[in-house]
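Working notes, structure below.
Here, each number is a calculation from the coordinates, and none is a lab measurement. Not measured: the values here are computed from a predicted model. Because the Cβ atoms are built from the backbone with ideal geometry, glycine has one as well, and the counts that use them run over all protein chains shown.
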Amino acid sequence: MYSLLGYGGLIADRVRTDAYAAALRQTVEPGSIVVDIGTGTGILAFLACHAGAKKVYAIEPADAIEVARELAAANGCADRVEFIQARSTQVALPERVDVIVSDLGGVLPLFQDHLPSIIDARRRFLKRGGALLPRREVMWVAVAGAPDLYEPYVAPWERNAYGLDLRLARPIATNDWRKCRGRPRHVLLEPQAWTTLDFAMIDRADVSRQLVWTALRAGTAHGLLVWFDAELCDGIGFSSAPAAPDIIYGQAFFPWSDPVSLSPGDAVTVALSATLLGDDYIWRWDTRITDGRATKADFRQSTFHGVPLSASTLARRSANHVPSLNEEGRLDRTILEGLDAHAPLDRIADEILAKFPTVLSTRTQALARVADLSAKYSQ
């Protein structure tokens, strides 16, 4: 979930927001019905109203929707925007809509439940012949020569001022990616389109494809630079490419386990995949580099290996594990039972404070714990 500052950053990004405003003006007709999925503070819903929408369903699970309600009144849209606080996959609309607008991605479009939400909304909300904004997004991958982007992954573990040997952590650190600010100078081998997300057609959240490059010039490669181009509607879109104007999304840098010196003629093969597991993606990038005679590098990397997990944690997550609740689990079960029995929150707090004195030490702590679960699970 974004903070209010985060929502403000999205609105202030003129490249992104101007494109959405232009696309809504081009797509929304007088009398159109629109749904804004992930409305946040409501900016796209209001722009849809200004473009002529008769009705906008603005869906948002976070409490930022309360700010959107107030802003709708301030902008003369309150009579046309219906706010729904929920995940779009849990919402049933009374009618089908002419336009679905959304901005659910992050640095990359493959982010949390973005694709499942759009697939579901397209199937249940959109009229035949209706429009999706964005229409499609193309994800690009380039081999990067980027010592400055690579350095934060390895420097803390290879070099420190305290005489400590931290090198064992380095392989874990290079199994993760992060947002970066890529520049054209970072592109060592030309970009290739990895996938096109056609939102009118896409029916699954996972993406996997192998890319092959032949090095045309010498240089040291440090990993992969990934970005996307968004086509909102005919002739309107934006790009997060390194050569494009800076926008809020930036790019993603996927480091290799080690830098590799490339020579002209070297073959670089990368199998890049993104698999939605639970609430987010597991990324894998397997890289093989050959010079025609021998293998220069062979890396197997995944964000699964970028999160340190103890043996006991892995055991508790295995399919054949037989669990039993710990003290924290029994505490939460007691709270949920109280919520299900319609008990007042203060009474539940008093009960758990008496039953779990080793976990909770004050009534304030107990009430906060109850309130958190109430906000998450109660109606």
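In table form, for the structure just shown:
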| read-out | value |
| --- | --- |
| GluC sites (Glu not before Pro) within segment 56-98, DSSP loop, no more than 12 other Cβ atoms inside 10 Å | Glu95 |
| Val212, Val226, Val138 arranged by Cβ crowding within 10 Å, fewest neighbours leading | Val212, Val138, Val226 |
| Residue order, fewest to most beta carbons within 10 Å, for His321, His186, His305 | His321, His305, His186 |
| Relative contact order computed over segment 160-276 (Cα-Cα under 8 Å; 6+ residues apart), in percent | 39 percent |
| Computed over segment 4-133: relative contact order in percent, which uses C-alpha pairs under 8 Å that are six or more apart | 24 percent |
| For segment 258-267, 3J(HN,Hα) per residue [Karplus equation, 6.51 cos²θ - 1.76 cosθ + 1.60, θ = phi - 60°, Hz, x = Gly/Pro] | 8, x, 10, 7, 9, 10, x, x, 4, 9 |
| For the chain, built as a Gaussian network whose Cα springs stay under 10 Å, the top-fluctuating residue of Gly130, Gly42, Gly329 | Gly329 |
| Shape call, the chain: gyration tensor on alpha carbons, a/c limit 1.5 | oblate |
| Inter-label distance, nm, simple model (7 Å from Cα along the C-beta direction), Lys355/Leu325 | 0.7 nm |
| Estimated vicinal HN-Hα couplings, Hz - segment 178-193 in sequence order (Karplus 6.51, -1.76, 1.60; Gly, Pro = x) | 8, 5, 9, 10, x, 10, x, 5, 7, 7, 8, 10, 4, x, 10, 6 |
| Relative exposure of Met201, Met139, judged by other C-beta atoms within 10 Å (fewest first) | Met201, Met139 |
| ³J(HN,Hα), Karplus 6.51/-1.76/1.60, whole Hz, each residue of segment 270-282, x for Gly, Pro | 10, 9, 10, 9, 10, 10, 6, 10, x, 9, 8, 8, 9 |
| Rounded, prolate or oblate (a/c below 1.5 giving rounded, otherwise prolate when a/b exceeds b/c) for segment 78-129 by Cα gyration tensor | prolate |
| Under 12 Å, Cβ to Cβ, from Ser208 - net charge with Lys/Arg +1 and Asp/Glu -1 | +1 |
| Residue among Leu197, Leu336, Leu126 with the largest mean-square fluctuation in a Gaussian network model of the chain, springs linking Cα atoms under 10 Å | Leu336 |
| Cα centroid separation - segment 261-337 against segment 145-213, whole Å | 14 Å |
| Amide hydrogen neighbours beyond the local backbone of Leu133, cut-off 5 Å, H modeled | Ile100, Val101, Ser102 |
| Highest-MSF residue in the chain out of Pro308, Pro94, Pro61 [GNM, Cα springs under 10 Å] | Pro94 |
| Placed amide H near Phe83: partners under 5 Å, 5+ positions off or other chain | Ala58 |
| Under-5 Å amide H pairs with Asp266, H placed in peptide plane, nonlocal only | Ala215 |
| Rounded to 5, the percent of DSSP beta bridges in the chain classed as antiparallel | 75 percent |
| Lys/Arg +1, Asp/Glu -1 at C-beta; segment 91-168 dipole; positive extreme among Ala146, Leu110, Asn160 | Leu110 |
